[in-house]
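Take a look at the structure below.
The values are calculated or read from the model by the stated rules, or taken from the named source; none is laboratory data. Computed from a predicted model, the values in this text were never measured in an experiment. Cβ placement follows ideal geometry from the backbone for every residue including glycine, while neighbour counts extend to all protein chains displayed.
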Amino acid sequence: MRIDLHTHSRASDGTDTPRDLVRAAAAADLDVMAITDHDTASGWDEAAAAAAEVGIQLVRGMEISTRHQGVGVHLLAYLPDPTHPGLVAALDKILAGRSSRVPAMLDKLREIDIDLDLADVRRVADGTAATGRPHVADALVELGAVADRGEAFRTLLNPGKPAYVDRYAAPLVDMIGSVTAAGGVTVIAHPWGRHGSGEPGEETLAGLVEVGLVGIEVDHQDHDAEDRARLRAIGRNLGLVMTGSSDHHGLGKIDHDLGCNTTEPEQYERLLDLAAATAARSGRDAPEVLRP
């Protein structure tokens, strides 16, 4: 069984529609996929319809922008009730931060004589709920200012670069609580991929387990073999679910092909068991895995 638990569609910063993303997953011989767009569940219904058509298991989730001890952390949330008031309020605040960031980035670009209009960003974002840096990057590509998203981030949009603007991210501990209250389970995405290996370390992760974290994403393109081995040891010590995935963004991210990393079936079943138990305790109408 081939299982990929981290993918993105045009509902956030991927380049495929949710329908096309699911079809591509089936074409890549995946048996199970999760749709985990940034800070939104808006692609779930379209993905669910496509999963029924092509006969693939679909796990509905999202990747939430959080911060812990001054550092950004991406939190994968699987199978939460998307109508839970606390979760809705938290996501709305994050999305508002994304949207307000874009005009500030455009102002910074104008300061270095790159004249990009908000309408250009909205056009390439194509109605997504989670407009942000990737869409500014796409608009820069369309303008001819850079060759691709990668160059846009490296030269203009990453921290320390001329057009970088910080934004709001939810406190990690609070967000773990919100997802749990909504009947979902949480896994830290690429824990050592964004800020270098070693943090969050075992002590930090143990504290997060105390507040409800259930897993870490171990097998990810941003982790080398040594990182994966160390993370797997931490996962075993703490009893964490250990996942693997592509973090696929379509054409928006190279070297992240669907199924390039996968989750072991026994780890997937553990995740589902924990999700079912959490949903039962929460009393929420949490979504189930869609099976063919």
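Structure above, values below:
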| quantity | calculated |
| --- | --- |
| Extreme residue, surrounded by the most Cβ atoms within 10 Å (Cβ to Cβ), among residues of segment 22-42 that are among the hydrophobic types (A, V, I, L, M, F, W, C) and under 22 Å from T83 (Cβ atoms) | I35 |
| Of all residues making up segment 116-135, the number that are more than 18 Å from the chain's Cα centre (by Cα), surrounded by 14 or more Cβ atoms within 10 Å (Cβ to Cβ) and closer than 19 Å to K253 by Cβ | 2 |
| Segment 11-21: number of residues that are in a loop (DSSP other than H, G, I, E, B) and either surrounded by fewer than 24 Cβ atoms within 10 Å (Cβ to Cβ) or hydrophobic (A, V, I, L, M, F, W, C) (or both) | 4 |
| Leading residue by the ranking (surrounded by the most Cβ atoms within 10 Å (Cβ to Cβ)) among those in segment 136-160 that are closer than 26 Å to G70 by Cα and among the aliphatic types (A, V, I, L, M) | V136 |
| Odd one out for A152 among (1) closer than 18 Å to H8 by Cβ; (2) touching a residue at least 60 places away in the same chain (Cβ under 8 Å); (3) not polar (S, T, N, Q) | (2) |
| Positions within segment 12-37 being modelled with pLDDT under 95 and not acidic (D, E), in sequence order | S12, G14, T15 |
| Any chance A77 is modelled with pLDDT of 90 or more, surrounded by fewer than 17 Cβ atoms within 10 Å (Cβ to Cβ) and either out of contact with any helix residue (DSSP H, G or I) (no Cβ under 6 Å at 6 or more places or on another chain) or within 20 Å of I3 (Cα to Cα) (or both) | no |
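Conditions (1) crowded, with 21+ Cβ neighbours inside 10 Å; (2) out of contact with any Leu (no Cβ under 7 Å at 6 or more places or on another chain); (3) under 23 Å from A25 (Cα atoms), marked per residue:
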site	(1), (2), (3)
E203	no, yes, no
D227	no, yes, no
M242	yes, yes, yes
S246	yes, no, yes
G259	no, no, yes
A276	no, yes, no
